[in-house]
Amino acid sequence: MNQFDLPIFDTSLNPIATYDQLFSTNQFTGIDRIQNANQVTAGVTSRFIKSDTGYDVLDMSIGDIYYFADRQVELATTPIPAPNPVLEANTEKFSPIVSQINWQFKRFWNATGNLAYDPNGHFVQNSNVALTYNADNNHILSSSYGFVQNGDPLVSYSSPQNNFQQFSLGLSWPLNYQWQFLGAENYNVSHGYVQTFFYGLEYHSCCWAIRLLNSKTYIGLE
């Protein structure tokens, strides 16, 4: 069924960027588009588990999708090219090769990594690395770096500076029994500015809490 004449409200194309997405049959978020799927996914996972606790110390996964048929459904609401009523299909036979790793190298420290490589265009589609300290769900420190090919939402797709690189920091730390500091920042490495940040204090008792935060979000040069 052609879907180009159906309106788009909240649906977007969700490029395969994580290992779990390899096992999804619909690459669209929302219900305005349903992708035709005729494909098979192959993946492998290896785990190293502590014999005394049963906790995973190291998880590694890699996988790929092979498409038996072209993907005919696109986000466009008008035929491309007009007036031909058939949309241009995605004819690639393979999805990005996606790998991920999760390593708990210390009791409270965890490192994760994710990479999606496009074998059709021979480039890294996206990657992410993160380091997290979590002692008791209150003492939390996190940092991450992410890269997305042609992923900067504030720059034209044709711009050579469209690749998106971001560094993030987050902190949640009790000052005493009832007061806690909260803060986070996302820094655009590609263009050298702070995308978003917030910081503040939280006061909590046995059954209620109140937070006072200052935040800022970058929306554009103008």
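The values are calculated or read from the model by the stated rules, or taken from the named source; none is laboratory data. Computed from a prediction, not measured in an experiment: that's the story for all the values here. All Cβ positions, glycine included, derive from the backbone under ideal geometry; neighbour counts span all protein chains shown. Ligands, DNA and RNA are excluded from the accessible area calculation, which covers all protein heavy atoms including side chains. Shrake-Rupley method; radii C 1.70, N 1.55, O 1.52, S 1.80 Å.
General observations
- Using only alpha carbons, segment 1-40 has a radius of gyration to Kirkwood radius ratio (Rg to Rh) of 0.99.
- Along segment 56-65 the Karplus relation, 6.51 cos²θ - 1.76 cosθ + 1.60 evaluated at θ = phi - 60°, assigns HN-Hα couplings of 6, 8, 8, 10, 9, 9, 8, x, 7, 10 Hz to successive residues, with x for each Gly and Pro.
- Nonlocal amide H pairs with Asn150, under 5 Å, H built at 1.01 Å: Asn163, Phe164
- Summarised as an ellipsoid, the chain has semi-axes of 37, 25, 17 Å, derived from the eigenvalues of the Cα gyration tensor scaled by 5 and square-rooted, with the largest first.
- About its Cα centre, the dipole of segment 1-72 is roughly 120 debye, where the only charges are +1 on Lys and Arg Cβ and -1 on Asp and Glu Cβ.
- For the chain, the per residue solvent-accessible surface stands at 65 Å², with DNA, RNA and ligands left out and a 1.4 Å probe.
- Applied to segment 202-217, the Karplus parametrisation 6.51 cos²θ - 1.76 cosθ + 1.60 on θ = phi - 60° returns per-residue 3J(HN,Hα) values of 10, 10, 9, 10, 5, 9, 7, 8, 9, 10, 10, 10, 10, 9, 8, 10 Hz, with x for Gly and Pro.
- Our coupling estimate for segment 121-136, obtained by passing each phi through the Karplus curve with A = 6.51, B = -1.76, C = 1.60 and θ = phi - 60°, is x, 6, 8, 7, 6, 7, 8, 7, 10, 9, 10, 10, 10, 9, 7, 8 Hz, Gly and Pro reported as x.
- Here the contact order of the chain, divided by its residue count and restricted to Cα pairs under 8 Å and six or more residues apart, works out to 11 percent.
- Net charge contributed by nearby residues that have their C-beta within less than 13 Å of Phe181 (K/R +1, D/E -1): 0
- Calculated Rg and Dmax of segment 1-67 using C-alpha coordinates, Å: 17.3, 59
- Here segment 172-222 is treated as a Stokes sphere of Kirkwood radius computed over C-alpha pairs; at 4 °C and 1.567 mPa s its diffusion coefficient rounds to 103 µm²/s.
- Taking only protein heavy atoms and a 1.4 Å probe, the accessible area of the chain is 59% carbon and sulfur.
- With all protein chains modelled, accessible area of Val129 [1.4 Å, Å²]: 80
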